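**Student:** Sharing a structure below in structure tokens format, with a few things to ask.
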Amino acid sequence: MRRLFVIVVMLILVGGSIYMVAGSSRLPYESAQLVDVGAQAPDFQLEDTKGNKVSLADLRGKVVLVNFWATWCPPCRAEMPSMEKLNESMAGEDFIMLAINVEENGRSVVPEFLNRSPHSFPILYVDQGVVQKLYGVYKFPESFVIRKDGVIDDKVVGAIDWAHPETIAYFKELAKG
């Protein structure tokens, strides 16, 4: 009987703890929106490494690949060469790739990273994590494929081979539409 009492008390304590943590407004992901396939992509305006303002709304009419990444993230770094190949394959198409660095100190670490590993696609700096929260991104890398009409066509969590022939064909088909 005492054993049953201890088990019930433990279950109540664990359940209460889960309830309290789930109800806490201090968790960072609670203020995030969950943006998913089929939703309108939230607009943003960020600065690139050259100081230019880049607005998603200004890119309407193009297929946009938005990639959230960090220099300290091995999978992020690993997928960047294939992102470069995709970007090269899509030259002349209605396509643009935006790589949003999520690091608070991005303005100091990204230039050093780009010196070692240059890329031709735009690298954007975060604005105090606002865009990251807007998209509900907390795993890296995480990417969103946005159609010409501004609707999210696909969401990719984790690194992939962006230069795979099927992936390139997918983007070329989207760019036609």
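**Student:** Would you please put 68-75, 51-58 in order of how densely packed they are, using the mean number of other Cβ atoms within 10 angstrom per residue and starting with the highest?
**Tutor:** Ranked by mean Cβ neighbours within 10 Å, highest first: 68-75, 51-58.
**Student:** Could you tell me what percent of the accessible area of segment 60-120 is made up of carbon and sulfur, with a 1.4 Å probe and every protein chain present?
**Tutor:** Carbon plus sulfur share of accessible area: 49 percent.
**Student:** Something else now. Round to the nearest 0.05 the FRET efficiency obtained for ALA175 and ASP127 when R0 = 25 Å and r is the Cβ-Cβ distance.
**Tutor:** After rounding to 0.05, the efficiency reads 0.35.
**Student:** Now a separate question. Can you list residues from other chains, or at least 5 along the same chain, whose modelled amide H is less than 5 Å from the amide H of MET97?
**Tutor:** Distant-sequence amide H within range of MET97: LEU65.
**Student:** Same structure again: Output the pairs from LYS53/LYS85; LYS139/LYS176; LYS133/LYS176; LYS155/LYS176 with a Cα-Cα distance over 27 Å in this structure; if there are none, say none.
**Tutor:** LYS139/LYS176; LYS133/LYS176
**Student:** Let me ask something additional. In whole Hz, with x marking every Gly and Pro, tabulate ³J(HN,Hα) for segment 100-110 from phi via Karplus 6.51 cos²θ - 1.76 cosθ + 1.60, θ = phi - 60°.
**Tutor:** Values per residue, Gly and Pro as x: 9, 6, 9, 7, 4, 9, x, 5, 9, 8, 5 Hz.
**Student:** Something else now. Enumerate the residues in segment 145-170 having an amide nitrogen under 11 Å from the point lying 7 Å beyond the Cα of LYS53 toward its Cβ.
**Tutor:** Inside the label zone: nothing.
**Student:** Probe of 1.4 angstrom, ligands and nucleic acids ignored: what's the accessible area per residue over segment 128-177, in square angstrom?
**Tutor:** 49 Å²
**Student:** In whole Hz and in residue order, list the ³J(HN,Hα) couplings for segment 146-152 that follow from phi through the Karplus curve 6.51 cos²θ - 1.76 cosθ + 1.60, θ = phi - 60°; x for Gly and Pro.
**Tutor:** 10, 5, 4, 7, x, 8, 6
**Student:** Next question. Straight-line reach from LYS148: which aspartates and glutamates have a Cα under 14 Å away, not including same-chain ones fewer than 8 places off?
**Tutor:** ASP43, ASP58, GLU93, ASP94, GLU173
**Student:** Related question: For an R0 of 30 angstrom, estimate the FRET efficiency from the Cβ-Cβ distance between GLU166 and ASP36 and round to the nearest 0.05.
**Tutor:** Taking R0 as 30 Å, the efficiency between GLU166 and ASP36 is 0.85.
The values are calculated or read from the model by the stated rules, or taken from the named source; none is laboratory data. The structure displayed is predicted, hence computed values, not measured ones. All Cβ positions, even for glycine, are placed from backbone atoms using ideal geometry, and neighbour counts span all protein chains on display. Just the protein is used for accessible areas: all its heavy atoms, side chains included, with ligands, DNA and RNA removed. Shrake-Rupley method; radii C 1.70, N 1.55, O 1.52, S 1.80 Å.
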